[in-house]
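Heads up: the structure comes next, in structure tokens.
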Amino acid sequence: MKLHFPILILFFLILNHDVYSQKVGLVLSGGGARGLAHIGVIRALEEQNIPIDFVCGSSMGALIAGMYAQGYSPDEMEELVSSPEFYNWALGIIPAKDDYYFKRKEDNASWITLRFHRDSIFQTSLPTSLINSMPMDFSMMEHSAPSIAKAHYNFDSLMVPFRCIAADIEDKKQIVFRNGDLGEAIRASSAFPFYFKPVNYNGKILFDGGLYNNFPADVLENEFHPDFIIGVDAVDGGAADVPPDEDDIISQVKAMFMSKTDYHIRSKNAILLHPKTGNIGLLDFENVHKEIQTGYTEAMMLMDSMQKVIVRRIDTATMHQKRRDFVKDMPKLIVNEVIVEGVNRNQGVYIRKILMPSGNPIPIADLRSNYYKLIADDNIKSIYPKLVYHQETGYYVLMLKVKQERDLKAMFGGDFASLPISEGYIGVQYNMWAKQALSLNTNVYFGKLYSSAQMKARLDVPSKVPFYLEGNFTINTWDYFKSSSSFFEDVKPPYLVTTDRKFAFDAGLPLGNEQKVYGGISYISTSDNYYQTTNFLLTDTADVTNFSGYSPEFVFVHNTLNKKQYASAGSLVNFTTRYVNGREHTIPGSTSNDTTQIFKNHHWIQANITLDKYYKQRGVLRFGVYAEVNASTQDFFSNYTSTALAAPAFNPIAESKTLFLGQYRAHNYGAFGLKNIISTKFKIDIRFEGYIFQPYRSIYQQADLTAANTLILAKRLYMATAAAVYNTPVGPVSLSFNYYDQKVNPYSILFHFGYIIFNKKALD
């Protein structure tokens, strides 16, 4: 009996060792948005005290596994992937708060942009990815830099040892990441072709790991040799191998590039989960919580089976303590140096002045804001950031791989319309970049209604307080007679051609990311040709009013609108004040009541404030408001038409910008509008907009053709539109039914494709 006792003790010791040394590995497949199910699986395992000792993943699986390895809890992972931040960087969207309005050029009618080198004019630059990866690159760096710094850039020293893979398309093999920059490894593993830009790693172009191995169970086995493996297939048992569809480009890309993946595990000590993720798109992040729940449900259904073979447990308190121990004392993200590759020395100085304007160490929150300013720069094509921690200083060094944008770009666009207001647009921009940035711009509009030419030169100076200096010349011609239609053929005046010229010099400053102020002085010259009567012959001569002078102005703009026309989100606040001093010269035509030429000096102060705001969507409905107030000391010109042409115009809907509507012009007025936008499942916005225009005193034409004011608040006018708008990648397609408050032809129908956008008039 005594002889058997030591053997019995040894048996229990061996059994106890097997139980407590049992190691469990978790392998997560790719699958795009379907891979969010991995979070639900991890939540179920932790709730049931199932240990996870090693993690390995590909593509979305690499992202989720990487977050877990860094110490993210399932709740924290769900919070992150359901946040607007994740949605934005996954789809390449720059948030409105980070969109650097100061660098945005004036809106124009362009559809497409082609980029060239000045010395290779016939070699264009076309985009290689659908999604701007720069926001994602920064976010991955920001979220992973502290954890990998604490782990001394060794993936085995993370809270949970981690592996992921990427595809080396040159050598046609997979790359296994074991150490180095964690964010770079995850980013490379997630670079699906044509969606995201690939990663240049040690001279190799790396793409999504799922191309060669979408379920790296073999990597997990070979790297860690776990006792038991839990695998999660988030692509429904090999949906990547479904034959390509002729109408689905993503299925075609998968068929061309992805190797067939074996969604099985060689080891007998394994279990494979297949969450019922359904047929959702690669980047369909609209139902995050639902996808996570599918993983949780699948894991709980198989929990009894897992608990029978995985005998080791890790209690919740121990798991929480392990997570706290890892995430505490991570090096704070403060950068004290920026090293730039890919550009010359002067361009590097320009970049560092934007990122670290004071030259002092900068926390990551401030650096992020400056990084988005750099993204907005016309000279930057792409940036790839990496943070390297230096323990001796306690600071990070930001390493940037920068690619310069091609210095010459051509823009083409315009508008095709059912009414004779169609136009073409051509623009050219040339950039010169050193310690400062100089851009030279020119554009031309041409059409029946409108023709214009503009030249601009803008010098951007990066400094602690950045600023720009800009000079421009613009000439606009409007021919309202040629653009008349059956809807407006009887509206006076039947003949009206107006031309304005403007030479301007401005200086501008940013006020945060969403606002800027600028001001300057301009020389203006206008020439209006018109008949004031419907009874004229071809031999008659038109009246001509010329006005020339100078105008200093000050402008404040806050702009977060999501589109340059037919916006549906964001807001615009524009405040403009100017002083105008000039001289009128009117030459009466053969139909005028008076043949005496008129010379008259005019000067006035004008202020205008405009608000255009859209509120958060509620279901399929979004509301917007529009308000505008104009105040001016402007006096009358020699007759009604010249007075109306010089007066500010209220034209809030697209078609109204193409019409001469004298009744909606006044020196002092207030206006208010409501917008209701219904978003349909066909990506078509149904817009209902209604406006009230209230002039303080309306301008009307007297019997002698001169201008006069009505009584105070004597007249109120309305304007409305109902439109269906579909936003294509190059521009909007719209069909609108419009109402104007006038006795003759108050209704119109307009179909157009493109942008009804023009260069600013001299007095805008």
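The values are calculated or read from the model by the stated rules, or taken from the named source; none is laboratory data. The model shown is predicted, which means the values in this text are computed figures rather than measured ones. As a convention, Cβ positions derive from the backbone with ideal geometry for all residues, glycine included, and neighbour counts pool all protein chains shown. Accessible surface is based on the protein model in full, side chains and every heavy atom, while ligands, DNA and RNA are left aside. Shrake-Rupley method; radii C 1.70, N 1.55, O 1.52, S 1.80 Å.
Per-structure values
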quantity: Nearest-ten-degree value, helix 288-301 long axis tilted from longest Cα axis of the chain; calculated: 20 degrees
quantity: Fraction of accessible area attributable to carbon and sulfur, the chain (%, probe 1.4 Å); calculated: 58 percent
quantity: Coil-residue chymotrypsin sites (Phe, Trp or Tyr not before Pro) of the stretch 559-658, DSSP, other Cβ within 10 Å capped at 14; calculated: Tyr615
quantity: Normalised contact order of the stretch 610-675, rounded percent, pairs of Cα under 8 Å and 6 or more residues apart; calculated: 40 percent
quantity: Contour minus Cα-Cα distance for Thr728 and Leu91 (0.36 nm per residue); calculated: 227.6 nm
quantity: Using a Förster distance of 30 Å, the FRET efficiency for Met303-Arg266 (Cβ separation, nearest 0.05); calculated: 0.80
quantity: Virtual spin-label span in nm between Asn709 and Gln404, 7 Å along Cα→Cβ; calculated: 5.8 nm
quantity: Span from the the stretch 374-421 Cα centroid across to the the stretch 128-203 one, whole angstrom; calculated: 20 Å
quantity: With DNA, RNA and ligands ignored, accessible area of Ser133 (1.4 Å probe; Å², nearest 10); calculated: 10 Å²
quantity: FRET efficiency estimate (nearest 0.05) - Cβ-Cβ, His603 to Ala627, R0 41 angstrom; calculated: 0.90
quantity: Exposed-loop-free span, longest in the chain, where GluC sites (Glu not before Pro) count as exposed if DSSP calls them loop and at most 14 other C-beta atoms lie within 10 Å; calculated: 490-764
quantity: Beta bridge orientation in the chain: antiparallel %, DSSP, nearest 5; calculated: 90 percent
quantity: Label of the coordinate-derived value, Rg and Dmax of the Cα atoms in Å, listed as (i) 33.8, 123; (ii) 29.4, 92; (iii) 32.7, 137; calculated: (iii)
quantity: Residue-level accessible surface for Val309, protein heavy atoms, 1.4 Å, Å²; calculated: 70 Å²
quantity: Alpha-carbon centroid distance for the pair the stretch 570-606 / the stretch 310-324, whole angstrom; calculated: 79 Å
quantity: Tilt relative to the chain, helix 316-327 - C-alpha long axis, 0 to 90 degrees, to 10; calculated: 60 degrees
quantity: Average accessible area per residue (Å²) across the stretch 470-627 - probe 1.4 Å, nucleic acids and ligands excluded; calculated: 47 Å²
quantity: Simple spin-label estimate for Arg345 and Leu469 in nanometres, 7 Å along Cα-Cβ; calculated: 2.5 nm
quantity: Probe 1.4 Å - accessible area at Ile52, Å² to nearest ten; calculated: 10 Å²
